[in-house]
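FYI, it's all coordinate maths here, none of it is from the lab. Quantities reported herein were computed from a predicted structural model and do not represent experimental measurements. Cβ sites come from the backbone with ideal geometry, for glycine too, and all protein chains shown count toward neighbours.
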Amino acid sequence: MVVSKLKKGFKLKGLGVLIAVIALAVAFSIANSSFLSPYNLLIIIRMASELGIIAAGVTLLMVAGEFDLSVGSVYALSPMVTAILYSKFNVSIILAVMAGLMLALVLGFINGFITTKAGIPSFIATLGTMMIYRAIVLVLAGGMPIKISSDSLISNVIGGTIGGVFPAAIIWFLFVIVISYYILECMDFGNRICATGGNKKAAIAVGINTTRVKIITFMFTSFLAAFAGYVQAFRLGSVAPLNGRGFELAAIASSVIGGTSLLGGVGSIIGTALGALITGMIRNGIVLLGVSVYWQDGFLGVIVIVAVIINIFISKRRR
Amino acid sequence: MCKKVTILLVVLVMLLVVFSGSALAYKFALVVHVAGTPFWTPVIKGAEEAGELLGVEVQFMGPAEFSIEKEVDYLESSIAQGFDGIGVAIADAEALDEPIAKAMKLGIPVVSFNVDDPYTPNERMAFVGQSFTIAGNVLGRELLKDEVIPENAEAVVLIGEPGNAALEERCAGIEQILVEHGIKSERFSAPLADPSTAVDMLKSYIRSHSNLKIVAASEFSSAFAGVAMKELGMKPGELLLAGFDLVPDQNQMIKEGYVKFTIDQQPYLQGFQTVMLLYLYKEFGLYPTDINTGVAVVGIDKIDQAVKLAEDGYR
């Protein structure tokens, strides 16, 4: 079947990004020995965690042949709703988090519904919802950061540290990667996602309800975006209305660096995780090098292009 | 393939070696919440020149666009990478508490500059910047000085970023003085990042408030009010205008006489003195103390000199 052939391809997709990770690690550690210190490594992975959680969802969606530009807004909106319910309406923090996560599923459903039922390209549909969801955040917050509980059990579980050192964010990042990997590589639903994005007509012909697959994937992506928002909000103790701006493109960049195709049907969760790690390494490494911070995005841009060139090179070689 | 990867690696390593390496006594980091605005130019110059005087390395960092989460990342990275002291603009009263406490616990001195967190617990050692309420008071007094204010005169206080603690404090300072003089005032927000919309909004505001006599801005939107007056065909002095910061639009409106004066928070000092405090603490154990970088009133008499200094990066 087409699907199983495609799946073999995934295993190789991460190679370009792995080379880039190793090259960067070697280079940065030569420049400054503290780069590889355990404390700094934890910070790098933690910096990659929130983006990595979002990017895992975005990768699944890209494999299904769709984009979600609203993830950065959902990342701010769900925690903002929770913060307001908790601090202004005295709702218990657990219920407030549940409400925020439910909201994320609804937001994802709206994205999927508009895309599939109205037949608008998801790039445009979610460009619209990105702005709408962000506007709601700003209206709710009135421009002000809002305090969110930082000493409850749930805030410690989601955004705390283990032993005051190891950030919970890293565990959640790994957890989301494992789950997403399992969905894409081992579950029947993963096959359906690949088929939907790879060849929609063939997928329909074999009886896959592609609309349903897409809507569910949109909901999962929104859910992960909101969850990443909680990881961040509980760590910092407040939700700022501009949180997550620019994450939509950073998440797509992580996926593309990791070997996910913009055309759908092909993608790698492990590659995406490494792609997110690279953005963390660059943000951290730039501090260590003493290079002007204005170079940061430029570095990332070079890595995006180089990693994709390596990936194309590898896939041609294997053919 | 292997050859290409090797070449890539070698190039990367060479680049890094060129960029890194320093043998100075101390290495200080200045971390901000939005690095991509011209406001920091004199701050960076002040910090770097203090660094040159003292023989220390200073590194300025922060996200190009406003982002608290990325500011925290920069702060944590600089803590992990062995900086000897850190200056930080505390743009969020909660989010930066923990990393600052972590730095202090590791023995890295932290001084806040430009924006502070005075109302909730925070472990930074001192603050270098403007006292915002006092700055608002000064603006109010200077604006009313030597002016004859009609009985029913009304005032508007402009705040371009509602919720920005520094601006809120300046507004409160301005309003204290207006209340003392029995002048009725209200707040109005014109977007700082969108001058043409701001000018249009202010034109409508001015036209619809016939008793308006005073426009006091907590930032530089006084310049937009000046342009609005000009476009409405009003003469300089028909409304009393003043605001903050030396930015090109503001300077021009002062020269043309529409804006009476601007208040400069002397950002050069914020960079310079932050590095100074960190150095004195590291070298001699002198505990950092708050430094008020002042309220320099710049009117038409001093504007040319101030503009020249701004071009040289000192104001």
Exercise. Counting DSSP beta bridges with both partners in chain B, what percentage is antiparallel, nearest 5?
Worked result: 10
Problem set entry | Label-to-label distance, nm, for residues given as residue A:105 and residue A:179 (7 Å Cα→Cβ offset) | 1.2
Problem set entry | Overall form of region A:107-248 per C-alpha gyration tensor (a/c, 1.5; a/b vs b/c) | oblate
Exercise. Can you sort B:92, B:290 so the residue with the fewest Cβ neighbours within 10 Å comes first?
Worked result: B:290, B:92
Seminar exercise, completed: Taking Cα atoms, the helix B:195-208 axis meets the longest principal axis of chain B at an angle in degrees (rounded to 10) of 20
Exercise. Excluding residue B:308 itself, what net charge comes from residues whose Cβ is under 11 Å from its Cβ, given Lys and Arg +1 and Asp and Glu -1?
Worked result: -1
Problem set entry | Pairwise FRET efficiency - residue A:204 versus residue A:171, Cβ, R0 = 56 Å, nearest 0.05 | 0.90
Problem set entry | Peptide B:265-276, shielding by other chains (average Cβ, 10 Å cutoff) | 0
Exercise. How big is the convex hull of the Cα atoms of chain B, per residue, in Å³?
Worked result: 163
Problem set entry | Tensor-based shape of region B:132-264 (alpha-carbon gyration tensor, a/c under 1.5 rounded, otherwise prolate or oblate) | rounded
Exercise. Other chains' Cβ within 10 Å of B:71-83 residues: what's the mean?
Worked result: 6
For this session: Can you put A:194, B:171 in order of Cβ neighbours within 10 angstrom, beginning with the fewest?
Result: B:171, A:194
Exercise. Across peptide B:28-39, what mean number of C-beta atoms from other chains lies inside 10 Å of a residue's C-beta?
Worked result: 1
For this session: Given the options B:162, B:38, B:267, state which has the largest fluctuation in a GNM of chain B using a 10 Å cut-off (strictly under) for Cα springs.
Result: B:38
Seminar exercise, completed: Compactness summary of region A:147-191: radius of gyration and Dmax from Cα atoms, Å, are 14.5, 42
Problem set entry | Of the chymotrypsin sites (Phe, Trp or Tyr not before Pro) in region B:82-136, those whose Cβ has at most 12 other Cβ within 10 Å and which sit in DSSP loop | B:119
For this session: Pull out a ≥ b ≥ c, the square roots of the eigenvalues of the alpha-carbon gyration tensor of region A:2-318, then state rounded if a/c is under 1.5, prolate if not and a/b is larger than b/c, and oblate in the remaining case.
Result: oblate
Problem set entry | Cleavage-rule hits, GluC sites (Glu not before Pro), region B:50-157, DSSP coil, Cβ neighbours within 10 Å at most 16 | B:65, B:123, B:147, B:151
For this session: With a cut-off of at most 14 other beta carbons within 10 Å, and DSSP calling the residue loop, which chymotrypsin sites (Phe, Trp or Tyr not before Pro) in region A:70-101 qualify? Please list them.
Result: A:89
Exercise. Taking each full run of DSSP H in chain A as one helix, which ones are at least 20 Å long along their axis (Cα atoms) and have mean Kyte-Doolittle hydropathy of at least 0.0?
Worked result: A:15-31, A:38-63, A:71-88, A:93-117, A:122-141, A:168-186, A:210-236, A:269-289, A:296-318
For this session: Could you work out which residue, out of A:239, A:74, A:106, moves most in a Gaussian network model of chain A, that is, has the largest mean-square fluctuation with Cα springs under 10 Å?
Result: A:106
Problem set entry | chain B: most fluctuating residue of B:107, B:136, B:62 per GNM, C-alpha cutoff 10 Å | B:107
For this session: Work out how far the C-alpha atoms of region A:172-319 reach from end to end along every principal axis, then list the three figures in whole Å, largest first.
Result: 56, 43, 23
Seminar exercise, completed: Subtracting the Cα-Cα distance of residue B:186 and residue B:234 from 0.36 nm times their residue separation yields 15.1 nm
For this session: Report the relative contact order of region B:132-264, percent, no decimals, based on alpha-carbon pairs under 8 angstrom and at least 6 residues apart.
Result: 25
For this session: Give me B:40, A:295 ranked fewest to most by other Cβ atoms within 10 Å of their Cβ, as a rough exposure proxy.
Result: A:295, B:40
Exercise. Among bridges DSSP assigns within the protein assembly as shown, what percent are antiparallel (round to 5)?
Worked result: 20
Seminar exercise, completed: Per residue convex hull volume, Cα only, the protein assembly as shown, in Å³ is 167
Exercise. Where does chain A land at 222 nm, in deg cm²/dmol rounded to the nearest 500, when only DSSP H runs of n ≥ 4 count, each adding -39500 (n - 2.57), divided by all residues?
Worked result: -25500 deg cm²/dmol
Seminar exercise, completed: Computed D for region B:139-199, Stokes-Einstein, Kirkwood radius over alpha-carbon pairs, 20 °C, 1.002 mPa s, to the nearest µm² per second, is 169
Exercise. For chain B, what is the mean residue ellipticity at 222 nm derived from helices alone (per DSSP H run of n ≥ 4: -39500 (n - 2.57); sum divided by total residues; nearest 500 deg cm²/dmol)?
Worked result: -14500 deg cm²/dmol
Seminar exercise, completed: In the neighbourhood of residue A:66 defined by beta carbon distances under 14 Å, the net charge of the other residues (Lys, Arg +1; Asp, Glu -1) is +3
Problem set entry | Spatial extent of region B:42-150: Rg and Dmax, with the Cα atoms as the point set, Å | 17.3, 61
